[in-house]
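**Student:** Below is one structure. I have some questions about it.
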Amino acid sequence: MNYNGIIVKYSKYLPIDPRCIVTLNEGNTPLLHAPRLSALIGKGVKVYLKLEGLNPTGSFKDRGMTYAISKAVEAKSQAVVCASTGNTSAAQAAYAARAGLRSYVLIPKGKIALGKLSQALVHGSRVLAIDGNFDEALEIVRKIGEQGLATVVNSINPYRLDGQKSAAFEIAEQLGDAPTYHALPVGNAGNITAYWRGYKQYHSEGMIEKLPKMLGFQASGSAPIVLGRPVKNPETIATAIRIGNPASWQYALQARDESKGLIDKVTDKEILKAYHLVASLDGYFCEPASAASIAGILKLAKNKFFKSGDVIVCTLTGHGLKDPDTAIKGVKPPIFVKPDLKKILKAMKL
Ligand code: F0G
């Protein structure tokens, strides 16, 4: 059967004039069992990875962007704008290009991963790098939206979260029910909000029997929700979640409390360790921010948090190729060797 993206698949929940749909066939991403990581987390525990890096622009943002851009087309908007730590801008740039909309993105100068910057530029967006952080960029973007100059497609646009709910629907279908726990990184807090709303919706319609407990993880240098106050100068190697004043803060608290879950922080060291672990143990390369979910469950597992029979889904929000600089920095460099069999075998220690 032909797959035509999340708006067609979940049309009941994402109403729109079908002529306005702008899609790159996002969604329908694999839910991969991670046996070796599961064994580390605990006996009888099953860990699954939702591979959101396999969306068309390499992150989960495509789910919300297809709907936000389609709705902008439906409303006859001519231009779209966002503030971004990189992935939203990459997704906006691609969908706006396809829709023929003018596209403007504001990014924190020097703080977005190389792959994401290339995407926004290659798709033809006007990219403005500001001497400030994501939170400052979002404030400016809100004002541009209020003045009616362009449609804001950050997750303050409700269509973004509506689209992102589709990931929860897919997981429910892939597992046959909700997992026991759902772990994910938290930045602007839109995704945790969207997942929780998605699960609740499926639950209220009898599509799943149970609800998961939501486990959100912030980077310790950018952990406003954990600290209970905005962070003026957020810092972390996981630049995607380098955010000090999340727009969906209150909704994230609601997701945490209603699901009886938690929001905790993980250090950059723990994030990088998890990033390498998932790549080397289970063969999947995600970006640093995504590994916060893995770092988080590893931290909880140390305190025997999980028990046999638990099913944990970790959303790996973005692909590892987004951030080649971090990848290269954390590993041994290649061995340089002459094209000579003997020398090569020696270098291989074979
Ligand atoms: N993981 C990745 C790879 C992200 O790009 C983001 C957010 C998150 C996690 C956090 O999701 O904001 O919904 O809590 N990136 C945004 C951006 C902020 O501009 O690309 P969230």
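Read-outs: derived from the displayed coordinates by stated rules, not from any lab. Since the model is a prediction, treat every value here as computed from it, not as a measurement. Positions of Cβ are backbone-derived with ideal geometry, glycine not excepted, and every protein chain shown enters the neighbour counts.
**Student:** Within the set Lys165/Lys232; Lys71/Lys265; Lys116/Lys346; Lys260/Lys332; Lys213/Lys329; Lys12/Lys109, which residue pairs have Cα atoms separated by over 32 Å? List each step's numbers first, then the result.
**Tutor:** Numbers: Lys165/Lys232 30 Å; Lys71/Lys265 35 Å; Lys116/Lys346 39 Å; Lys260/Lys332 42 Å; Lys213/Lys329 35 Å; Lys12/Lys109 40 Å.
Distance filter (> 32 Å) returns Lys71/Lys265; Lys116/Lys346; Lys260/Lys332; Lys213/Lys329; Lys12/Lys109.
**Student:** Another question about this same structure. Going through segment 40-113, which trypsin sites (Lys or Arg not before Pro) have at most 10 other Cβ atoms within 10 Å and a DSSP loop state? It would help to have the intermediate numbers written out before the result.
**Tutor:** Numbers: sites: Lys43, Lys46, Lys50, Lys61, Arg63, Lys71, Lys76, Arg98, Arg102, Lys109, Lys111; in loops: Lys43, Lys76, Lys109, Lys111.
Taking segment 40-113 and a limit of 10 other Cβ atoms within 10 Å, the loop trypsin sites (Lys or Arg not before Pro) found are Lys43, Lys76.
**Student:** Determine the relative contact order of the chain: mean sequence separation of Cα pairs under 8 Å and six or more apart, normalised by residue count, in whole percent. Walk me through the intermediate numbers first.
**Tutor:** Numbers: 741 pairs, mean separation 69.7, N = 350.
Once divided by the residue count of the chain, the mean separation gives 20 percent.
**Student:** Sticking with this structure for a sec: Could you tell me, in Å, what Rg and Dmax come out for the Cα atoms of the chain?
**Tutor:** In Å, with Rg to one decimal and Dmax whole: 20.1, 69.
**Student:** Here is a further query. Amide H neighbours of Ser103 under 5 Å, counting only residues 5+ apart in sequence or on other chains, H built in-plane at 1.01 Å?
**Tutor:** Close amide H contacts, sequence-distant or interchain: Val80, Arg126.
**Student:** Out of the trypsin sites (Lys or Arg not before Pro) in segment 196-271, which ones are loop residues according to DSSP with at most 13 other C-beta atoms within 10 Å?
**Tutor:** Values: sites: Arg197, Lys200, Lys210, Lys213, Lys232, Arg242, Arg256, Lys260, Lys265, Lys269; in loops: Lys210, Lys232, Arg242, Lys260.
When the trypsin sites (Lys or Arg not before Pro) of segment 196-271 are filtered for loop state and at most 13 Cβ neighbours within 10 Å, Lys210, Lys232, Lys260 remain.
**Student:** Sticking with this structure for a sec: Taking the Cβ of Pro108 as the centre, find all other residues whose Cβ is under 11 Å away and add up their charges (Lys, Arg: +1; Asp, Glu: -1).
**Tutor:** On the way: positive: Lys109, Lys111, Arg242; negative: Asp131, Asp135, Glu136.
Surrounding charge for Pro108 is 0.
**Student:** Residue by residue through segment 148-157, what is 3J(HN,Hα) from phi via Karplus (6.51 cos²θ - 1.76 cosθ + 1.60, θ = phi - 60°)? Round to whole Hz and write x for glycine and proline.
**Tutor:** The phi angles translate into x, 7, 7, 7, 7, 10, 5, 6, 5, 7 Hz.
**Student:** Have a look at segment 213-350 and give its Rg and Dmax from the Cα atoms, expressed in angstrom.
**Tutor:** Looking at segment 213-350, its Cα Rg and Dmax stand at 18.6, 63 Å.
**Student:** Semi-axes of the equivalent ellipsoid for segment 1-68, please: Cα gyration tensor eigenvalues, times 5, square-rooted, ordered largest first, whole Å.
**Tutor:** Values: eigenvalues 198, 26, 19 Å².
Listed largest to smallest, the semi-axes of segment 1-68 are 31, 11, 10 Å.
**Student:** I need to check one value: relative contact order of segment 1-102, counting alpha carbon pairs closer than 8 Å and at least 6 residues apart, in percent. The partial results should precede the final answer.
**Tutor:** Values: 127 pairs, mean separation 27.2, N = 102.
Relative contact order, segment 1-102: 27 percent.
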